[in-house]
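Structure first, then comments.
Since every read-out is calculated from the coordinates, none of them should be taken as a lab result. Computed from a predicted model, the values in this text were never measured in an experiment. Counting neighbours? That spans all protein chains shown, and the Cβs are built from the backbone with ideal geometry, glycine included.
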Amino acid sequence: MINTQILEAGHKRWTRTGSVVSELIVLVLIIVAIVGAVAGKFLVTALCGLVLVVTIVSRIWARLALVDVDYQCSPSSERLIAGDVIELTLTVENRKPLPVPWLSVSEALPDGLEHAGDDRTVQGFFKGSEIRNSASLAQYERVKFRHRLRAARRGHYAFGPTRIVSGDIFGFYEARLDSPRRPPSVVVYPRTVPLPDFHLPSRRPIGDSWSRSRLVDDPTRPSGLREYQSGDAARQIDWKATARRGEVFVRTYDSSIVQRVVILAECNTSREVWRTRPAILEAVVTGAASVAERSIELGYAVGIVSNGNVASELAPPMVAPGAGPDQLTALMTTLAGAGMMKTQPLEELIERYGAEAMPAGATVVFVAGLFRPSTVDFVADLARRGHQVVTLYVGDDDPPEIQHLPILDYRAVFAAPENADA
């Protein structure tokens, strides 16, 4: 569902700016009109009175210009992949009998969304761009402006701030309304690469993948009926079939093997605090997203822990293992928000969330371009505690050799297209 951003101008504080007829000029006109009336110069008095009437009308008109004017900023989609193009619709509606002779709308675009094509209404700035539109509105009229935007890079993006300016028909006074940046509403998912040959080991004999060896019956996979045998549990009896056939029948199920996968996305890309390596971070995010997508395709329950996410409902640092399309959406949303600012080491995040983040026997996929000693020790300890560990390296240099921790070189697989040949 599209989250339409609505701004009711008539219920916000407005500011009068840029007045052509200042308070001093109004005072002078009043004095001249009085002097002219006393001196018998009725033409001067009439002229000053006319200007005063126009000024008063203009001031009242400007005061009412933004009353009952609604503004909406509506993207055609809120879930994108880098490179997608969407349509942004800006709607201005005048919900009163007084016309708006002129109105200007300025909408700031986030840095990760760029205008697509030649759009003269878009002006670029140091960070992001600004869309400017102008129109005149008759009574109860609605005007829409449409712009095509391209998702330049992954992230969570918010529109605004917004500025709406209007005034009277003579241009004597202006009324301005400023709205701050709204909460993030558009999510651009990270890039993924196909991994058709990527498979993961498992040590837990229960879960989501069908198994030919009958280890544990999975109640979510019914396979048929059979006659009751001594020792069968009462909860397995199919009472409808028993009543229909006159004999006791029990339900049978296919067995399964579990495959819980926890992806550890190491967003720390440099040993120096002041240094950042965006290309490595993007490789980490691409790797984590690709493994998550492949694992969901295989029917695994997938979770993620990322130390590049602050605690928030939109992109939390931990997503508990789960399966299905909705789970993939949650994983991609978290990875879309992964940034350079590390919250804390991965091992501390896992210890904080406990078994919710790291279920017993889960397969661990560690994606990193930098191996911190404490994190490496923690991952190696996970292997000693019964977890299968797969380590994918995406750094600049050759992968290091770490005892008891096999490392797979995935630099060429997850590198961004423009850096693939570097």
Quiz item: If you stretched the chain out fully between ILE81 and ASP396, how much longer would it get, using 0.36 nm times the residue separation minus the C-alpha to C-alpha distance?
Solution: 110.8 nm
Practice problem: Pull out the extension gain between GLN229 and SER270, defined as 0.36 nm times the separation in residues minus the alpha carbon to alpha carbon distance; nm, one decimal. | Solution: 8.4 nm
Quiz item: Which whole-number percentage describes the relative contact order of region 260-419, with Cα contacts under 8 Å and a sequence gap of 6 or more?
Solution: 27 percent
Quiz item: Between the DSSP loop rule and a limit of at most 11 other Cβ atoms within 10 Å, which GluC sites (Glu not before Pro) in region 262-365 are left?
Solution: GLU272, GLU313
Quiz item: Just going by the charge dipole of region 162-203, with Lys and Arg at +1 and Asp and Glu at -1 on Cβ, which of LEU177, VAL187, ILE164 is farthest out on the positive end?
Solution: VAL187
Self-check item: Dipole of region 260-419, positive direction: furthest Cα of ILE402, VAL379, THR334, with charges on the beta-carbon
Solution: VAL379
Quiz item: In cubic angstrom, how much convex hull volume per residue do the alpha carbon atoms of region 260-419 span?
Solution: 107 Å³
Practice problem: Take the alpha-carbon centre of region 357-401, take the same for region 31-52, and report the distance between them in whole Å. | Solution: 88 Å
